[in-house]
Amino acid sequence: MKVLVQAERFDLGAQNAAFAAGHRDMGAIVTFTGIVRDLPDDPLVAMEIEHYPAMTEKAIAAMAQEATERFNLGDVLVIHRYGRLEPGEMIMMVATAARHRRDAFEAATYLMDYLKSRAPFWKREITAKGAAWVASTDEDEAALSRW
Amino acid sequence: MDVLYFAWVRERIGIAREKVETQAATVSDLVAELRGREERYAAAFEDVSALRVALDQELADFDAALDGVREVAFFPPMTGG
C-alpha cells in the first residue's frame, strides 16, 4: 500500500508502470485519475485544494486498508495533490490490484466514493468572477450508503 | 487544547488555529462556548449541520466527549477526489 499526499505533479505513466510491475499473482489492475475540470459558463482560472496535513495521510491509509480487506486487494496506491492546480491538471489517482477485475473495479469505486467525502480536502474554484468553495453534494454522501 | 479551522470556517473566524482553555465536556459544549465569544465565531458556527469535526485527527460526532482530546478541528464537509 502506498499513499502520497503532495503538492507536486505526478507522472501517471511512471506510477502505473511501477504499480503494475511485480504483481505476478494479480490478474487485474484498475486505475482512476481525477482531473481539474474547466467550468462551462465561467472559465476556471485555478483550483485551490486545502487539506489537513496531520489527518490526510492517516485517513486515506485507513480507507485503503479497509478497501484491501473488503476486496481482497494485492496492492493499492493513492496519490492526492493539494495546493493550486490549473484546468487539465491531474488532481489525484487511485490504483488497485486484485486477482480478478470485479474486485479491482469495485475497490477503485469504493475508494473514490470515500476520498470524495471522507478525506480532509477542501476545493476552491477561482474564476474571473471570484473564488468559491466547492460544496459537497447529497449524491456524494448517498454514494457511501451503498457500501 | 489546539483548535483548528479549515476552508470557509477558517475564513469566517480569521485564523487557522488557536489554543483554547476550556472545561467543555463535549464538542457541542465547546461550540456553544466559541459561539458566545464574538460575532465571527457565531457566523462560523451558525449551522453545525453544515460542519464536520475531527478529534485528534479522527472524524467524530458533535456529542463526542473531549476528555483527553488534544486537537479539535472544525471544517465543512470534505470535497476530495
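No lab work stands behind these numbers, since they all come straight from the coordinates. Everything numeric here is computed off the predicted structure, so don't read it as measured data. Glycine also receives a Cβ, built like all others from the backbone with ideal geometry; neighbour counts cover every protein chain displayed.
Hey, got a sec? Which GluC sites (Glu not before Pro) in the stretch A:51-147 land in a DSSP loop and have at most 16 other Cβ atoms within 10 Å?
Answer by residue number: A:GLU89.
Proximity of backbone amide H atoms, modeled 1.01 Å from N, is registered between A:ARG84 and A:ILE49 at under 5 Å, excluding neighbours fewer than 5 places apart on the same chain.
This model, with +1 at the C-beta of Lys and Arg and -1 at the C-beta of Asp and Glu, gives chain A a dipole about its Cα centre of some 380 debye.
Take every Cα pair under 8 Å whose residues are at least 6 apart in sequence, average their separation, divide by the length of chain B, and the relative contact order is 39 percent.
Under the convention that each Lys and Arg Cβ holds +1 and each Asp and Glu Cβ holds -1, the size of the dipole of the stretch B:2-75 around its Cα centre is about 280 debye.
The longest part of chain A holding none of the exposed loop trypsin sites (Lys or Arg not before Pro), meaning those outside H, G, I, E and B in DSSP with at most 14 other Cβ atoms within 10 Å, is A:38-128. Couplings 3J(HN,Hα) for the stretch B:55-71, derived from phi with the Karplus relation 6.51 cos²θ - 1.76 cosθ + 1.60 (θ = phi - 60°), are 10, 6, 6, 10, 4, 9, 9, 6, 8, 5, 6, 9, 3, x, 7, 9, 9 Hz, where x marks Gly and Pro.
Taking trypsin sites (Lys or Arg not before Pro) across the stretch B:1-56, the ones in a DSSP loop with at most 15 further Cβ atoms lying within 10 angstrom of their Cβ are B:ARG37.
Each of A:PHE121, A:TYR110, A:PRO43 was scored by the projection of its Cα onto the charge dipole of chain A, and the greatest displacement toward the positive side belongs to A:TYR110; charges sit on the C-beta of Lys, Arg, Asp and Glu. Proximity of backbone amide H atoms, modeled 1.01 Å from N, is registered between A:ASP38 and A:GLY88 at under 5 Å, excluding neighbours fewer than 5 places apart on the same chain.
In chain B, the calculated helix contribution to ellipticity at 222 nm averages -7000 deg cm²/dmol per residue, counting -39,500 (n - 2.57) for every DSSP H run with n ≥ 4. Local charge for A:ARG70 was computed over the other residues whose Cβ lies under 12 Å away, with Lys and Arg +1 and Asp and Glu -1, and equals -4. Report summary: the helix-based calculation at 222 nm, which adds -39500 (n - 2.57) for every DSSP H run with n ≥ 4 and divides by the residues of chain A, gives -11500 deg cm²/dmol. Look at where the Cα atoms of the stretch A:74-139 and of the stretch B:66-81 average out, and the two centres are 19 Å apart. Loop-located GluC sites (Glu not before Pro) in chain B (DSSP state other than H, G, I, E, B) with a sparse environment of at most 13 neighbouring Cβ atoms within 10 Å: B:GLU21, B:GLU38, B:GLU46.
Taking amide H positions as modeled 1.01 Å from N, with prolines and chain starts lacking one, the residues under 5 Å from A:LEU4 and 5 or more places away or on another chain are A:VAL78, A:ILE79, A:HIS80.
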